[in-house]
Each structure stands twice: as structure tokens, then as C-alpha cells.
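The values are calculated or read from the model by the stated rules, or taken from the named source; none is laboratory data. Source: prediction; values computed, not measured. Glycine also receives a Cβ, built like all others from the backbone with ideal geometry; neighbour counts cover every protein chain displayed.
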Amino acid sequence: MASKPKYPRNLLLINPWITDFAAFDLWSKPLGLLYLTSILRQNGHFVRLIDCMDRNDPLLKASNPKEPKVKRYGIGPYHKEELPKPAPLMNIPRRYSRYGIPEAHFRTHLSEGDKPALVLITSMMTYWYPGVFRAIKLIKTKWPDVTILLGGVYTTLCPTHAKEHSGADFVLPGNDVRPLLERIDDLLGTRSEWVPERFRDFPSPAWDLYPKLDYAVLLTSRGCPSRCTFCASHRLFPGFETRDPEACAQEIVDLYRHRRIRDFAFYDDALLLNAEQHIFPMLDALISRRLPLRLHTPNGLHAKAIMPELAGHMRQAGFRTIRLSFESSDLRRQREMGAKITNEGLAAAVENLKGAGYQGKELEAYVLMGLPGQTLEEVISSVRFVTQCGVKTKLARFSPIPGTREWDRAVEMYGLDPQADPLLHNNSIHPFVSKNLTEADLGKVALWTRWINQELDLGVNGMDGAFVSKGMRETFRKHGRGGDAASSSSRRNF
Ligand code: B12
Ligand code: SF4
């Protein structure tokens, strides 16, 4: 017989596991759930969180004193357990794992609390849905009649898949919190009095849910007005909205003062947009506090916004990890992808950052590999261009996302099924369906890029001709080509 929850306003929030070929905690926190917690609390609910991806989970630490392994700035590897590969990934010759706390720990965490009135589960990458489904299954096994609500990125990008296959009782795509509050009121017979209409009205995320915190993450704006052909930002938030810059700075200051957090990662899609009204006042507020902060941008920055004054502010405020969005040095592709950057724009941003005191080896630019129609030469030319600018390359593998132009191209060029299982959006597998780039090609490029990056660490720029390692020479002999006009120019001649 169905049992009633003891406390009718107790909600259980879940950040489920990652299931993938690789995963690393690069300042990864379920920020959506932390915002929802604060909003739910304002409306009189009590929230408990089970974060399967918390590297500081007490049970994980108790079962293995070596956990968590912390690298600098609070990031580090996840605990992982190998899983059988799901059918659509069977032919991918890589190991597939569940990352995060062991399943037994999850069950223990479920038993630690009373039966909740409702369970809310978030989701992130579309191809991580097996972890979401597993959490739903385990919850339903424990409490068959508990109502489960599912939201988050996967739900918004693949709502039909989530509705048909997840096992959740309600699937709520989108970023608007109003439908969620209405649904909760409906189910619990409550009345939400406090309903934020805009993102800037959201309260601070509920960081108190984590007794131990190595870093925090931040969203100071939502959306992006650009339409890069590979990006789903417009599907997640079709507009652009900024928060009050002073409030953003205060969020950082409070976490530093009360939790001694020094490392902060920005999740913004367009952090540097409207710089005069947004990032400048925010950084002014931080600089005036003189705190020993380390700020990180794992999500690429709009390089063309980085003028000398902004670069100086970034340096003073404590930006440490700076990743610039570049993607490709191919001029035609840059235009086709949305023209957010040019080769000259990247070079100028780098010069401005160096002028502010950064060394090239402290900076990274993203190069995408595996885009439909992309050749090996294009990837190599792009890495060469980035190196000529004197900064490190961060290779990123293309993930085809429904509703983007590159998805349509992948459907057209590679015969990708428009209804393809979201597992096939995985950024690790695209080379296996690409006709231009093989996994072996990408492996070589990755190795070669690692050499070049290591050389930059040693203060040597192979692309200046000062020093070219034997392995690099070999790779060039096989694949090297002048590339487009800009990529063959010296970094002093832009
Ligand atoms: C920050 C970020 C990252 C971070 C880490 C994030 C993390 N937590 O793990 C980093 C930089 C590491 C990263 C990496 C990558 N990312 Co990323 N990332 C993002 C980004 C910019 C923000 C996500 C976020 O936290 N938003 C803020 C919170 C507040 O929003 P939210 O979670 O959506 O929550 C809201 C709603 O969804 C809802 N909600 C949330 N949970 C719930 C639950 C319920 C029950 C309900 C009702 C509602 C609800 O309410 C919240 C409030 O409005 C998104 C783009 C975007 N604009 O969202 C891309 C995005 C998710 N990433 C993407 C990609 C492609 C990648 C990479 C593959 C890039 C690459 N090629 O290397 C890698 C892969 C990572 C890996 N394998 O480990 C794609 C998605 C791809 C996919 N197939 O799903 C996105 C959409 C960007 C894009 N280019 O289109 N990423
Ligand atoms: S600039 Fe960045 S966030 Fe904006 S559309 Fe392009 S890739 Fe997406």
C-alpha cells in the first residue's frame, strides 16, 4: 500500500551520475538544482540533495581514504566503475564507465532520509541520460509511488525521448521555474508565493547543501545572442539577460568570507558581452576588495571582447584559467559558423592578455575537431595558428546537438538518423561516423598538440621555428600544410 510522506513539504533533489567514456570534475556542480533549492526554500519547502557527482561525498571518503584526489584549483578525477556498453555504443573501442559515487552509496543516501513528498532530478549532457534513468529506477524501487519530476539540459534538448523513456512522472523542459512551481503546488496542494519571473530575480544558489566545498561556480548572465552553428545555447535560453554585477561580485565575496572558497568558475555563455555595464563593474567591485581569488572560465570566452583595459581588469581580479573560444582558423568556416571570431581577433586578444601580464602558456584557445566536413588539415592548421599566437590549444571534440545547424549537416553528410539515440551525441564517438577524420587521425592530432603545449610550458614555441621536436617534424611531414593565409603568417605580422 502507498505510504504517505511524513513531512509533506520535504523534497529530495538528485544530481545523477555521468555515464561516459571519460569524465573529469572540471568545476562541475549542478547549479540549476542549487538555484531551484533556494527558490523552493523561499516557498516554504525543505530540501535534501543527493549529488552523485560530489567528490567530497562522506561515504566515498569513508570507503576509500584516498578519495577525493584533488588537483590544483579544486578540480580532479571522479571515482568510476566500468559498465557494460549500451547497445548503440557497442562498436566504440573504449571503456565505458559510471562516474560518481558507487550505487550502494546512493541507496544508503536514499535510506538516510524519510520518504520525500516529491523527487526532482536534474540532467546535463544529453548522452548522459543512462545515469538519470538509473537514478529514477532506484528511487522507484525504493518508493514505488513517489512522484518524480525531471528537468535540466537533456530534458530541454530531448523532451520527447525523456517523456517516452525516462520513467519520470513529469518531464519539465526549459528554464522557466514557473511551470515547476505550479506543478509542485498542484501535487502538494501548496501555494507558491514567491515566483521569480526573470533570472536576475533568482536568489543565491544554496551552497550550504555542501558541507565541504573546494570551489564554487557562478552564472552572471543567461543566454547568448550569437548563433554559432554547433551550439544549443539558443535552445536552452532564447535571449540574453544579465544579473546585477554588484550582486554577482557579492556572491563571490560571501563565499570567500564564509566558506573560504578561492576558486570560482564562470558558467556564462557570454560573460564578456555588454562589458561596460556587466563585467567591468563586477570586476571593479572584486578588485576593490583585494581578495586572493582564482577565477576560471572553462567555458570559452568571446575573444574579440578582450581589449587591453578588460585584459588588465581580468588580471587584477585574479583570472587564472582563461579559455578563449576559437574553434577553427579556417576563414570560410569562421564565417559560416557565425563569425564570432577571426584569426586577427584571437591574435589581438592574446596580445592584450600578454600586455596585461599573462604568459602565453597560461592561456588556452579551444579548437573543435570532428565538425561535419572538417578535414584533418583544417584541424592541424588551426592548432598551428593558435601556437603561432603563442598560446596553448585546448582540443574539443564535436558533439552533434539536435536543433543546431551542424546537427542538420551531420544528418545530411553522415546519414545520422534524425531520431538517433541521444547516446550518439557523445563527443567521443563522432569520429567513428565521420567520413573525413578517423579516430586514429584525432589521436595523432591530440598527441601532437600535447607535445606543442608541453613545449610552450618549457618556454619554447615550435611554430616559431626555434625548436621542432622529432615527433612534431614527423607529423608535419605527413600532414603539415600552410593552411589559410593567416595561419601561415608569423605571429608578429598580424
Ligand atoms: C557549464 C557548462 C559546462 C561545464 C561543466 C558543466 C557541468 N555541470 O558538468 C564544462 C565547461 C566542463 C562543460 C563541458 C562540456 N560541455 Co557544456 N555546458 C555548460 C553550460 C554552459 C551551462 C550549464 C549550466 O550549468 N547552466 C546553468 C544552470 C543554472 O542551468 P540548468 O542546469 O539548465 O538549470 C536550469 C533548468 O534546466 C532547470 N532545471 C535544472 N534541473 C532541473 C530539474 C527539474 C526537476 C526541473 C523541473 C528543472 C530543472 O532549472 C534551472 C534554472 O533555470 C551549457 C550551456 C547552457 N547554456 O546551459 C553547456 C552544454 C550543456 N555543454 C555542452 C557541451 C557540448 C559540452 C562539451 C561536450 C564541449 C566539448 N565539445 O568539449 C563538454 C563535455 C563535458 C564532459 N564530457 O565532461 C552542450 C550540450 C551537449 C549535449 N549533447 O548535451 C551545451 C548545451 C552547450 C552547447 N554548446 O550547446 N560544459
Ligand atoms: S558565442 Fe558561444 S555561447 Fe554564443 S552561440 Fe557561439 S558558441 Fe554558443
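Residues being within 30 Å of F398 (Cβ to Cβ), assigned to a loop (DSSP other than H, G, I, E, B) and either hydrophobic (A, V, I, L, M, F, W, C) or not assigned by TED's automatic domain parsing to the domain that holds P173 (or both): count how many of those fall in the range 102-139.
Count: 2.
Which of the residues belonging to the range 236-274 are within 13 Å of ligand 2 (Cβ to nearest atom), touching a residue at least 60 places away in the same chain (Cβ under 8 Å) and in contact with a Gly (Cβ under 9 Å, 6 or more places away or on another chain)?
Selection gives L236, F237.
Can you find a residue that is away from ligand 1 (no atom under 16 Å from the Cβ) and closer than 23 Å to L236 by Cα anywhere in the range 282-301?
No - not one qualifying residue is present in the range 282-301.
Within the range 196-208, restricting attention to residues that are in contact (Cβ under 8 Å) with a residue 60 or more places away in the chain and assigned to a loop (DSSP other than H, G, I, E, B), which residue is surrounded by the most Cβ atoms within 10 Å (Cβ to Cβ)?
If we take residues in the range 196-208 being in contact (Cβ under 8 Å) with a residue 60 or more places away in the chain and assigned to a loop (DSSP other than H, G, I, E, B), then P205 is surrounded by the most Cβ atoms within 10 Å (Cβ to Cβ).
I'm trying to understand the selection: among the residues of the range 101-138, which are closer than 30 Å to Q419 by Cα and touching a Gly at 6+ places or on another chain (Cβ under 9 Å)?
L120, I121, T122, S123, M124, G131, V132, F133, I136, K137
Please go through the range 305-335 and give me each residue that is within 24 Å of G370 (Cα to Cα) and surrounded by 17 or more Cβ atoms within 10 Å (Cβ to Cβ), ordered by number.
Matches in the range 305-335: I322, R323, L324, S325, F326, E327, S328, S329, D330, R333, Q334.
I'd like to verify a number: residues in the range 156-176 that are within 20 Å of G223 (Cβ to Cβ) and in contact with a Leu (Cβ under 7 Å, 6 or more places away or on another chain), how many?
Qualifying residue count for the region: 3.
Just to verify a result, which residue in the range 51-88, among those that are polar (S, T, N, Q) and in contact (Cβ under 8 Å) with a residue 40 or more places away in the chain, is farthest from D214 (Cα to Cα)?
S63
For K29, indicate whether it is surrounded by fewer than 17 Cβ atoms within 10 Å (Cβ to Cβ) and either outside the structural domain of R294 (by TED's automatic domain parsing) or within 15 Å of ligand 1 (Cβ to nearest atom) (or both).
no
Regarding S382, is this residue closer than 20 Å to I341 by Cβ, among the hydroxyl-bearing types (S, T, Y) and either in contact (Cβ under 8 Å) with a residue 12 or more places away in the chain or out of contact with any Pro (no Cβ under 6 Å at 6 or more places or on another chain) (or both)?
When the stated conditions are applied, S382 passes them.
May I ask you to list pairs of residues, at least six apart or on different chains, whose Cβ atoms are under 6 Å apart, with the first in the range 298-318 being at positive phi and the second being more than 11 Å from ligand 2 (Cβ to nearest atom) and part of a helix (DSSP H, G or I)?
No pair meets every condition.
Take the residues in the range 93-118 that are of a type in the set (D, E) and modelled with pLDDT of 95 or more, then tell me which one is nearest to H79 (Cα to Cα).
E103
Table: residues versus (1) more than 28 Å from N175 (Cβ to Cβ); (2) within 23 Å of the chain's Cα centre (by Cα); (3) not β-branched (V, I, T).
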position: K66; (1), (2), (3): yes, no, yes
position: P77; (1), (2), (3): yes, yes, yes
position: K80; (1), (2), (3): yes, yes, yes
position: M124; (1), (2), (3): no, yes, yes
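Would you confirm whether or not the range 140-152 contains a residue that is in contact with a helix residue (DSSP H, G or I) (Cβ under 9 Å, 6 or more places away or on another chain), within 16 Å of ligand 2 (Cβ to nearest atom) and in a helix (DSSP H, G or I)?
No, that holds for no residue.
Are any residues in the range 275-291 without any contact (Cβ under 8 Å) to a residue 60 or more places away in the chain and not in a loop (DSSP other than H, G, I, E, B), and if so, which ones?
I279, F280, P281, L283, D284, A285, L286, I287, S288, R289
Conditions: (1) out of contact with any Gly (no Cβ under 9 Å at 6 or more places or on another chain); (2) without any contact (Cβ under 8 Å) to a residue 40 or more places away in the chain; (3) surrounded by fewer than 18 Cβ atoms within 10 Å (Cβ to Cβ). D145 meets all but one. Number of the miss?
Every listed condition holds for D145 apart from (2).
Specify the residue that is farthest from ligand 1 (Cβ to nearest atom); the eligible residues are those in the range 209-229 that are farther than 19 Å from E406 by Cβ and assigned to a loop (DSSP other than H, G, I, E, B).
P211
Would you tally the residues in the range 165-191 being within 13 Å of ligand 1 (Cβ to nearest atom) and in contact (Cβ under 8 Å) with a residue 40 or more places away in the chain?
Summing the residues that are within 13 Å of ligand 1 (Cβ to nearest atom) and in contact (Cβ under 8 Å) with a residue 40 or more places away in the chain in the range 165-191 gives 7.
Restricting to the range 238-247, and then to whatever is at pLDDT 95 or above and of a type outside the set (D, E), can you tell me which residue is farthest from I341 (Cα to Cα)?
A247
Could you tell me how many of the residues in the range 46-69 are surrounded by 15 or more Cβ atoms within 10 Å (Cβ to Cβ) and either within 13 Å of ligand 1 (Cβ to nearest atom) or closer than 19 Å to W27 by Cα (or both)?
Result for the range 46-69: 13.
Any residue in the range 222-235 that's among the charged types (D, E, K, R): show its pairings with residues that are within 8 Å of ligand 2 (Cβ to nearest atom) at Cβ separation under 7 Å, as long as the two are six or more apart or on different chains.
R227/H234; R227/G338
Could you grab me the full set of residues in the range 334-380 that are within 16 Å of ligand 1 (Cβ to nearest atom) and over 27 Å from V460 (Cβ atoms)?
M337, G338, K340, G370, L371, P372, Q374
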